[in-house]
1. Residues of segment 104-129 being free of Cβ contacts under 8 Å to residues at least 60 places away in the same chain, open to solvent by less than 20 Å² (accessible area, probe 1.4 Å) and either among the hydrophobic types (A, V, I, L, M, F, W, C) or in a strand (DSSP E or B) (or both), which ones?
2. Just to be sure I understand the filter: pairs with C-beta atoms under 6 Å, separated by 6 or more residues or on different chains, first member in segment 158-180 and of a type in the set (D, E, K, R), second member open to solvent by less than 60 Å² (accessible area, probe 1.4 Å) and modelled with pLDDT of 85 or more. Which pairs pass?
3. Test each condition in (1) over 23 Å from TYR84 (Cα atoms); (2) among the basic types (Lys, Arg); (3) at pLDDT 90 or above for ARG164 and report the one that comes out false.
4. What residue, among those in segment 72-81 that are out of contact with any Phe, Trp or Tyr (no Cβ under 7 Å at 6 or more places or on another chain), under 21 Å from CYS200 (Cα atoms) and of a type outside the set (Gly, Ala, Ser), is least open to solvent (accessible area, probe 1.4 Å)?
5. Are any of the residues in segment 82-91 open to solvent by less than 10 Å² (accessible area, probe 1.4 Å), farther than 23 Å from LEU197 by Cα and modelled with pLDDT of 95 or more?
6. Restrict the check to segment 146-165 and report whether at least one residue is open to solvent by 60 Å² or more (accessible area, probe 1.4 Å), more than 25 Å from PHE190 (Cβ to Cβ) and among the β-branched types (Val, Ile, Thr).
7. Determine which member of the set LEU69, LEU95 is surrounded by 18 or more Cβ atoms within 10 Å (Cβ to Cβ), more than 11 Å from the chain's Cα centre (by Cα) and either of a type in the set (D, E, K, R) or modelled with pLDDT of 95 or more (or both).
8. Please work out which residue is farthest from ASN230 (Cα to Cα), limiting yourself to segment 172-182 and to residues that are open to solvent by less than 80 Å² (accessible area, probe 1.4 Å) and hydrophobic (A, V, I, L, M, F, W, C).
Amino acid sequence: DVKYPVVTGHEVLGIVTHVGAEVQNVKVGDRVGYGPLLCAGVTVFAPLKRFVKEGQSVGIIGIGGLGHLAVKYAKALGCRVTAYTSKVAEKKDELTKLGADEVRSSIDLDELKANAGSHHFIINCLSTNNNPLMNAYIDLTRRDGRFCQVGAPANGEELNINLRKLIGGQINLFGSMIGSVKDTEEMLEFSAKHNILPDCEIFEWEEWNTAFEKCAKGSAKYRCVVNCENYAKKIGK
């Protein structure tokens, strides 16, 4: 039995057992919750749906839990998608299967500079305090384009951004996180229509350390999920 108040965790699914008199949008027996699509999914879907148009060029920097979903959504929205990763040789084939039209390096400054002004919209899923890299990422944006930051920095992490690049290029720099209830509902409908799901690796309860190590090394494909249900059965819960 759960004792309230309780912090349930970041990503939770469950079945509705009771509803209040004012509740209209769910009923007893409905499955509800949030995560992984209801966190990572809407975080990248909301700005893409709000700002990109079919046929535009979209660059996605950092292909992990957020980035792999951004690739799928951008492709389903009819965009030309370029995935930027630090592991081009290792990930090119799999990112192409996810929907990327091109795969480029996210750490090669010369290559980044050569592709300056390539994209109508950039969504950066990385957090970096590397000033040259961050400014090179912003430079990938076309004139009058948009650069969306969704990768969250560590507390106290700061960057020096060349504001002349934003001014001269009339680039819109903004951030985004999760989304409204309407955004989330639209994301779920879009995901169902286009069969978009997160790619997950499943770990047993005893494999927490393995899951953390994969995340730390950037080798997870692309979300690590621990199976708590099996553990609960083992301990009789």
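1. Scanning segment 104-129 gives SER105, LEU112.
2. Taking only residues 6 or more apart or on different chains, the pairs are LYS165/ILE138.
3. The single condition ARG164 does not satisfy is (3).
4. LYS72
5. Kept after step one, since they are open to solvent by less than 10 Å² (accessible area, probe 1.4 Å), are these residues of segment 82-91: 82-85.
Subsequent filtering for residues that are farther than 23 Å from LEU197 by Cα retains none.
Scanning segment 82-91, I find no residue that is open to solvent by less than 10 Å² (accessible area, probe 1.4 Å), farther than 23 Å from LEU197 by Cα and modelled with pLDDT of 95 or more, so the answer is no.
6. No, segment 146-165 has no match at all.
7. On inspection, the qualifying residue turns out to be LEU95.
8. Across segment 172-182, the extreme among qualifying residues is LEU173.
The values are calculated or read from the model by the stated rules, or taken from the named source; none is laboratory data. Fair warning: this is a prediction, and the values are worked out from it, not measured in the lab. Don't worry about glycine lacking a Cβ; one is built from the backbone with ideal geometry, like all the others, and counts go over all protein chains shown. Remember, those area values only see protein heavy atoms, side chains included, never the ligands or the DNA or RNA. Shrake-Rupley method; radii C 1.70, N 1.55, O 1.52, S 1.80 Å.
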